[in-house]
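One structure is given below, encoded as structure tokens.
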Amino acid sequence: MPVRGAQVVGRLALLLRLVGRHPAGTPLAEIVRDSGLTRPTVHRLLSSLAAEGILDHDPATHTWHYGPEIFVMGAVAAQRFPIEEVARPSLQHLAEETGESAFLSIRRGAETVCLLREEGSFPIRSFVLHEGVRFPLGVASAGIAILAFLPEAEAEQVLVQDEAFVARWGEQHSPGAIRANLARTRVTGYSVNPGLIFEGSWGMGAAIFDRANRPAWALSLTGIEPRFRPERQRALGQLLLDEANRITRLLQKPGLPGPQV
């Protein structure tokens, strides 16, 4: 029996998020696995989106990609949400001052999504983060920075996790471990991810606040462990906080819209 109404909209939105996780394209098997839908249903919905130009299918690699209509939609939406214009100078400054790769992420529900990237000059980089990558709040430095400054009751709702979450992200992302990291972040103002996702890949983050003074975005720096020694963390953290505060002040000016989380 065909799926109708809000259910099909929700499924389409889910598939679009799954396709967008990998710039190089996402194979059908992965989309089926992570969507929880049957293979025929996924293929039918993806094909419908492709017919509208919203998705593309690469027959050589058997992967699905965003189509040209997504670019058009994004270009129109960017005019209403001027975050790139406001944040890009901070990303450039962070990358130039530190040599590390700098990123801007936005909160979307219980996740963060990487929006922008500025590469640093240091020749060895961490490739955990790139545009379109999603992480749960509390995983990766951007999500830790945002979650730390949400109201306590709201943060606790996010930390209600099942066994599948810990199995996916490891015991280092158990609710207790995340709470400890949140506590450290509230003291310093910036978050530290000491190789919790991939060994040797470190990150630091600072939250950006909207006009309601809620954490809605985050700046972050990523790199290899030797570049994030304790003696350097304080300087990196202060740079992140300075730029996050600068963006916060600009975004809190009247007339600039904020994100819908």
Problem - Residue list for segment 213-261, filter: under 21 Å from the mean Cα position of the chain (by Cα) and at pLDDT below 90 - result: Leu251, Pro257, Gly258, Pro259, Gln260, Val261
Exercise for the section: Hey, can you tell me all the residues within segment 98-124 that are surrounded by fewer than 16 Cβ atoms within 10 Å (Cβ to Cβ), over 24 Å from Leu159 (Cα atoms) and touching a residue at least 40 places away in the same chain (Cβ under 8 Å)? Expected result: Phe122, Ile124
Exercise for the section: Give the residues of segment 105-163 that are closer than 20 Å to Thr185 by Cα and of a type in the set (Asp, Glu), sorted by residue number. Expected result: Glu111, Glu152, Glu154, Glu156
Exercise for the section: Test Ile83 against the stated conditions and say whether it is open to solvent by 20 Å² or more (accessible area, probe 1.4 Å), closer than 21 Å to Leu219 by Cα and aliphatic (A, V, I, L, M). Expected result: yes
Handout entry: Extreme residue, farthest from Thr112 (Cα to Cα), among residues of segment 208-248 that are of a type in the set (Lys, Arg) and either touching a residue at least 60 places away in the same chain (Cβ under 8 Å) or not assigned by the TED database to the domain that holds Pro151 (or both)
Key = Arg227
Practice task
Mind counting the residues in segment 100-115 that are modelled with pLDDT of 90 or more and not in a strand (DSSP E or B)?
Solution key: 1
Practice task
Considering every residue within segment 116-129, establish whether at least one is within 22 Å of Leu15 (Cβ to Cβ) and within 18 Å of the chain's Cα centre (by Cα).
Solution key: no
Exercise for the section: Determine which member of the set Thr41, Thr61 is open to solvent by 40 Å² or more (accessible area, probe 1.4 Å) and among the polar types (S, T, N, Q). Expected result: Thr61
Exercise for the section: Filter segment 35-81 down to residues that are closer than 30 Å to Asp210 by Cβ and either in contact with a Lys or Arg (Cβ under 6 Å, 6 or more places away or on another chain) or assigned to a helix (DSSP H, G or I) (or both), then give me how many there are. Expected result: 12
Handout entry: Filter result for the condition that a residue is under 21 Å from Ser101 (Cβ atoms) and either open to solvent by less than 20 Å² (accessible area, probe 1.4 Å) or not polar (S, T, N, Q) (or both), over Glu225, Glu152
Key = Glu225
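The values are calculated or read from the model by the stated rules, or taken from the named source; none is laboratory data. Bear in mind that the values here come from a model prediction, so they are computed numbers and not experimental data. We place every Cβ from the backbone using ideal geometry, glycine too, and count neighbours over all the protein chains shown. Surface accessibility is based on the protein's heavy atoms, side chains included, excluding ligands, DNA and RNA. Shrake-Rupley method; radii C 1.70, N 1.55, O 1.52, S 1.80 Å.
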